[in-house]
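To start, the structure itself, in structure tokens.
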Amino acid sequence: MGTDYKALKNGGFMRQTQKNNFSLRLKVVGGNLTAEQLVAIAEISKKYGDGYVHLTSRQGVEIPFIKLADVEAVKTELEAGGVNTGVCGPRVRTVTACQGSAICPSGCIDTYPLAVEISNRYFGQELPHKFKFGITGCMNNCLKAEENDLGIKGGYSVELVKENCTLCGVCVKACREGAITKTSEGLEIDKSKCNYCGRCAKSCPFNAWKGESGYLISFGGTFGNLIAKGEQFLPIIRNKEILFKVTDAALNFFAKYAKPSERFRVCIDRAGWDNFKKEMEDICNG
Amino acid sequence: MADYTIDETVDITDVVCPVTFVKAKVALEELEDGQVLSIRLNDGEPVQNVPRSIKEEGHQILKLIDNGDGTYNLVVKRITLEDQT
């Protein structure tokens, strides 16, 4: 029986230039691996590979030079070490994330648990083409949300707590959108200019800005053969339940309207952004 | 805002990010707990970022004064957190 390269590829074994050698893609969620997992990976790369790993462009780890004959043994040993294999092909790929508010002072959302939730919900799900999720904690966008088919960016919607404000002026300067002005009456915010970055709340020395975490979603980003920035058109989403309704609906739209081997971006372009926007907005509005 | 007396001043208009914050931090560290430092800083990135960094260090910002010449004075009270010792 011939080797089923397609099945191997789907299971994370990527065919190399060198015959019967595979670069094994591992499952990584949100860019985190435990020390134990790293040890297991190191041992396998020494025993079955060429003694090194490759860090992919999307926070993945691959072990090159795994031999065809060792595939099953490697899978078993990886599993024993608490490491799973990744996926390739037309399905939901590695969910990437920055460190978010749990670690980073700039973070507006807790990215890692969200990455785990999204990965548990969708990782490996078959679709017309690959589908990438990326989660970034704030407007600094270290994780480049708009490069992904579906990007999630943390933000704050803010309200002024007048009684705490001393009119010190720090937030007026911290706001890069020019949304806050100081008048004789007090501070004024032009909400149409606010981009939910939360810098006013983060910088205020007197807790005079109350920031509430939320999600900003971008759709249809792709940065390979076709380069296109994901589009953000929904208002900030303040709860996870609605977030998941939107992500479910986006994947359903893709599954329903895309031709085989058509990326999400091309599918939306063809089906029409107006139609897509309407479907997403209807979900948001309940 | 309650009155304050400036105990020390530092000018960080002669350095760029991230040295702006480092210079301010060093000046704050030379103060006693509760003393007040006035930091002269440039418009643009320094005034956008330095106040927030100082807040994140746990110090109390009292006032931001616009000098009208493209510089600001940020008035900060040094707070020593117990876990910083």
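Students often get this wrong, so check it: of A:K144/A:K173; A:K153/A:K277; A:K47/A:K144; A:K173/A:K240, which have C-alpha atoms separated by over 27 Å?
A:K47/A:K144; A:K173/A:K240
Between A:E117 and A:T17, what FRET efficiency comes out of the Förster formula 1/(1 + (r/R0)^6) with R0 = 30 Å and r the beta carbon distance, rounded to 0.05? Walk me through the numbers on the way to the answer.
Details: r = 37 Å, r/R0 = 1.24.
E between A:T17 and A:E117, to the nearest 0.05, is 0.20.
Report the calculated FRET efficiency for A:E281 and A:K256 (r = Cβ-Cβ distance, R0 = 25 Å), to the nearest 0.05.
So, using R0 = 25 Å, E works out to roughly 0.90.
Distance from the Cα centre of region A:166-192 to that of region A:2-19, in angstrom?
Region A:166-192 and region A:2-19 have Cα centres spaced 58 Å from each other.
Where both partners of a DSSP beta bridge lie in chain B, what percent of those bridges are antiparallel, to the nearest 5?
Percentage antiparallel, nearest 5: 75.
Which whole-Hz couplings ³J(HN,Hα) result when phi for each residue of region A:227-236 is put into the Karplus expression 6.51 cos²θ - 1.76 cosθ + 1.60, θ = phi - 60°, listed in order with x for Gly and Pro?
Karplus values, whole Hz, x for Gly and Pro: 10, 8, 8, x, 9, 10, 9, 7, x, 4.
Given a Förster radius of 45 Å and the C-beta distance between A:A73 and A:D269 as r, what FRET efficiency does 1/(1 + (r/R0)^6) yield to the nearest 0.05?
FRET efficiency, A:A73 to A:D269: 0.50.
Please compute the length gained on full extension between B:D66 and B:C17, using 0.36 nm multiplied by the number of residues separating them and subtracting their Cα-Cα distance.
So the extension gain works out to 15.7 nm.
By how many nm would the segment from A:E126 to A:N195 lengthen if fully extended, with 0.36 nm per residue of separation less the alpha-carbon distance?
21.4 nm
Cα centroid distance between region A:230-286 and region A:22-54, in Å?
Measuring centre to centre over Cα atoms gives 34 Å.
Per DSSP H run of n ≥ 4, the term is -39500 (n - 2.57); total these for chain A, divide by its residue number, and report the mean residue ellipticity at 222 nm rounded to 500 deg cm²/dmol. Spell out each step's value before the answer.
Values: 9 runs with 89 residues, N = 286.
It comes out at -9000 deg cm²/dmol, rounded to the nearest 500.
Simple spin-label model, 7 Å along Cα-to-Cβ: B:E30 to A:N225 in nm?
Result for the modelled spin labels: 6.2 nm.
Taking amide H positions as placed 1.01 Å from N in the peptide plane, with prolines and chain starts having none, which residues 5 or more places from A:D149, or on another chain, fall under 5 Å of its amide H?
Correct list: A:K132, A:G221.
Using 0.36 nm times the number of residues separating A:K162 and A:K240, minus their current alpha carbon distance, what extension gain do you get?
Computed gain between A:K162 and A:K240 is 25.2 nm.
Longest span of chain A, sites excluded, free of trypsin sites (Lys or Arg not before Pro) in DSSP loop with at most 14 other C-beta atoms within 10 Å?
Segment A:20-175 is the longest.
Would you mind giving the mean number of other chain beta-carbons within 10 Å of the Cβ of each residue in A:195-208, as a whole number?
Neighbouring Cβ atoms belonging to other protein chains average 3 per residue here.
Computed from the coordinates by the stated procedures, all read-outs in this text should not be read as laboratory data. Remember, it's a predicted structure, so these values are computed and weren't measured experimentally. In this analysis, Cβ positions are derived from the backbone assuming ideal geometry, glycine residues included, and neighbour counts consider all displayed protein chains.
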